[in-house]
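Take a look at the structure set out below.
The values are calculated or read from the model by the stated rules, or taken from the named source; none is laboratory data. Everything numeric in this text was worked out from a predicted model, so none of it was measured. Here Cβ is always computed from backbone atoms with ideal geometry, including for glycine, and neighbour counts include all displayed protein chains.
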Amino acid sequence: MSSSNRPSGLIANSGIELLTWGTPNGHKASIILEELKEAYGKDYVFQGINISENIQKEPWFTKLGPNGRIPVVVDHDQGGFPVQEGAAILAYLTRHYDPEHKFSFTDPLDLSRAEQWIAWQHGGLGPMQGQANHFYRLAKERIPYPTQRYVGETERLYGTLDSHLKDRDYIVGEGRGKYSIADIANFSWVNVAYFAGVKLSDFPNLEEWWARVNERPAVKKGTSVPSESQIVNAAYLRRLKDEPEFKQQEEELAELLKKAKEQYNYKYSSP
């Protein structure tokens, strides 16, 4: 959304309104909303909150999301009740709008398993990969120690999930597992692996799971809210193939990471 259409307040008065941007945390909310829309016909409206313009820091937004971060959902059918934080949004929306538990669980042990893997993502994978994004790709100064530290820790966490998915299709559930909000929470970050300097192809079970989830129509729609993302794996790999300058840039970043790992004697291990 351009500055000329800069959001300045809520636009709906009924249903669910999503305030978001095309980040992994933002995609958690838009994916579950698209899944609920496809499964139950539960529609929603959204506004793009351009985080580079600091819209999420404005008083009207922080009244709804005190931490000044996207995403936030507002349930106008519950008196304009706001929910911040991706993990809490996944729980809230399925608790209220997933009556057949298509994306959630009733069995108390599976419910706990889902909570554990969502907590694992919220407390580990998201923060570590977020720092990997910053030091590997975005920091103005290339500092070797935090680069190898955070990319390496992200790789360790990927290895943990890769091992867990060895004999199952989805993270939680009986048999081969059942697609759920545990998958959505983790997929949103694994879907930007290459952006953080992690080669998803090094984790075959995880890569197969990623491809399986990525093929869902609602996931494709959700990762295009508020607009098509250029940092997700599919877009990254396409650019790597089609844009020689981008490929050269990525090779240079990968070489810096390799040297940083060598400098600090990094050795991959997981868990």
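Hey, does segment 133-152 have a residue that's within 16 Å of the chain's Cα centre (by Cα), outside the structural domain of Glu38 (by TED's automatic domain parsing) and in contact (Cβ under 8 Å) with a residue 60 or more places away in the chain? Yes - at least one qualifying residue is present in segment 133-152.
Taken over segment 129-158, the criterion of being buried (at least 22 other Cβ atoms within 10 Å of the Cβ) and either among the hydrophobic types (A, V, I, L, M, F, W, C) or at pLDDT below 95 (or both) is satisfied by Ala132, Phe135, Val151, Leu157.
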